[in-house]
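The values are calculated or read from the model by the stated rules, or taken from the named source; none is laboratory data. What you are looking at is a predicted structure, and each value in this text was computed from that prediction instead of being measured. Methodologically, a virtual Cβ is constructed for each residue, glycine included, from the backbone with ideal geometry; neighbour enumeration extends over all protein chains shown.
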Protein chains: 2
Amino acid sequence: MGERRDGSRVDGGDEAEAVSRFVERFAAQLVQAGMARMPARVFAALLSSERGALTSAELGEQLRVSPAAVSGAVRYLSQVDMVSREREPGSRRERYRVQGDQWYDVLLKRDSILRNWQETMREGVEHFGPDSPQGRRINDSLEFFRFLEKELGSLMQRWAAHRAEHLEDQGLSDSSRRRP
Amino acid sequence: MGERRDGSRVDGGDEAEAVSRFVERFAAQLVQAGMARMPARVFAALLSSERGALTSAELGEQLRVSPAAVSGAVRYLSQVDMVSREREPGSRRERYRVQGDQWYDVLLKRDSILRNWQETMREGVEHFGPDSPQGRRINDSLEFFRFLEKELGSLMQRWAAHRAEHLEDQGLSDSSRRRP
DNA sequence: CGCTTACTTCATAAATTTATGAAGTTAAGA
DNA sequence: TCTTAACTTCATAAATTTATGAAGTAAGCG
């Protein structure tokens with residue numbers, strides 16, 4: 001049964017089209033959540049590929065965009081650690097691979113953003129004074145973020161435990177391949 | 001000591017300028033998190049105002065934007081329940097007020113977005129089949145979001161408890177004023 | 001009642017973002 | 001060493017977003 005290396009089947013472009021629909025739909029939701037369009041599409045395509053990895057040319061073909069666009073998207077995605085790049089020795093082709101724990105990482109990253117917010121709010125409270133109406137109001141927000149940060153920490157620990165448990169059952173040791 | 005109704009002081013535009021710096025800085029961080037610029041600025045300005053409420057004209061003056069821009073931003077902010085509108089009887093002026101628990105609400109809203117993602121991913125798994133590499137990979141993501149949704153639920157409950165406790169101590173019964 | 005003020009809506013101008021083609025860089029293979 | 005393929009960079013064109021002015025609507029006040 002003729003499969004190509006991007007996971008689509010030769011028999012029936014219907015399959016390729018269905019995959020594309022899923023990719024675009026999922027990408028649209030990532031965009032809605034604040035991600036730039038092209039990185040979102042690339043990421044969704046990788047997630048939907050058989051091996052979880054595609055070359056620049058394959059991505060360009062599936063998404064119908066220029067190599068330049070792929071290059072930019074992939075640069076962003078590796079900066080934020082959502083894909084890793086692997087260069088196969090003996091070839092000029094580079095492969096881009098989705099990590100097994102992208103979401104965990106994304107959430108961890110949010111953590112540092114939270115801390116920036118807290119810093120700004122702290123300055124606000126300091127400026128207005130903790131007993132001014134403004135100071136108190138901003139301090140309330142600050143309190144929520146402090147709470148959130150603390151909770152996210154333990155939440156992530158619980159996830160790590162949960163994940164480890166389920167990974168044992170299935171053969172998904174993808175995480176051993178993390179970080180170049 | 002001469003205070004104006006936007007909370008800035010007549011003595012020394014330095015104060016107004018310092019507030020503006022904080023407003024713009026905080027707004028920039030909201031933008032970074034995915035919020036549109038004008039709603040972010042309006043929200044930050046309200047948060048930094050003495051009463052936690054400003055009129056359209058006051059917002060326009062402080063942010064140096066047209067009434068039209070204020071109108072658009074405020075429409076968005078009330079749609080997502082981050083500000084409430086109150087029309088003082090006997091005046092055409094409308095006041096826009098920040099809620100006491102905006103962040104809680106924002107997080108609750110994320111919850112429904114999470115569910116949309118899950119639906120899309122479920123379709124992906126179904127399409128590829130749960131035993132295909134793609135299906136398994138997407139299912140892993142799905143698993144994380146399921147976990148997250150569950151955890152967010154209990155997290156919010158803990159926050160509600162935490163908040164209630166601290167509100168008793170201080171006189172911050174702002175929450176009694178929620179929702180028009 | 002009509003005048004006036006506060007706000008909204010909508011077409012459009014301005015600014016920003018996004019993806020491209022073309023030129024440049026690096027490294028494989030002959 | 002030279003050729004060529006794979007990818008990157010950069011200036012720019014296209015598309016989208018954002019804020020505006022002008023015209024419109026509603027509500028207080030004389």
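Considering only the range A:56-80, how many residues are touching a residue at least 12 places away in the same chain (Cβ under 8 Å), within 7 Å of DNA strand C (Cβ to nearest atom) and farther than 18 Å from residue A:20 by Cβ?
1
How many of the residues in the range A:1-45 are farther than 18 Å from residue B:126 by Cβ and modelled with pLDDT of 65 or more?
Total satisfying the criteria: 17.
Quick one: residue B:138 ticks every box in (1) in contact (Cβ under 8 Å) with a residue 40 or more places away in the chain; (2) at the interface with chain A (Cβ under 7 Å from one of its Cβ atoms) bar one, so which box is it?
(1)
Taking the options A:122, A:95, name whichever one is more than 7 Å from every other protein chain (Cβ to nearest Cβ) and under 18 Å from the mean Cα position of the chain (by Cα).
Of A:122, A:95, the one residue that is more than 7 Å from every other protein chain (Cβ to nearest Cβ) and under 18 Å from the mean Cα position of the chain (by Cα) is A:95.
Would you be able to say whether some residue in the range A:129-139 is modelled with pLDDT under 95, hydroxyl-bearing (Ser, Thr, Tyr) and either surrounded by 12 or more Cβ atoms within 10 Å (Cβ to Cβ) or over 16 Å from the mean Cα position of the chain (by Cα) (or both)?
So far as the range A:129-139 goes, no, none of its residues is modelled with pLDDT under 95, hydroxyl-bearing (Ser, Thr, Tyr) and either surrounded by 12 or more Cβ atoms within 10 Å (Cβ to Cβ) or over 16 Å from the mean Cα position of the chain (by Cα) (or both).
Select from the range A:141-171 the residues that are over 30 Å from residue B:101 (Cα atoms) and more than 10 Å from chain B (Cβ to nearest Cβ) and write down the one among them that is modelled with the lowest pLDDT. Break it down stepwise before answering.
Initially, the range A:141-171 is screened for residues over 30 Å from residue B:101 (Cα atoms), giving A:160-171.
Pick out the ones that are also more than 10 Å from chain B (Cβ to nearest Cβ) and you get A:160-161, A:164-165, A:168-169.
Numbers: A:160: 90, A:161: 91, A:164: 84, A:165: 82, A:168: 61, A:169: 56.
If we take residues in the range A:141-171 being over 30 Å from residue B:101 (Cα atoms) and more than 10 Å from chain B (Cβ to nearest Cβ), then A:169 is modelled with the lowest pLDDT.
Within the bounds of the range B:81-88, is there any residue that is free of Cβ contacts under 8 Å to residues at least 24 places away in the same chain and of a type outside the set (D, E, K, R)?
Scanning the range B:81-88, I find no residue that is free of Cβ contacts under 8 Å to residues at least 24 places away in the same chain and of a type outside the set (D, E, K, R), so the answer is no.
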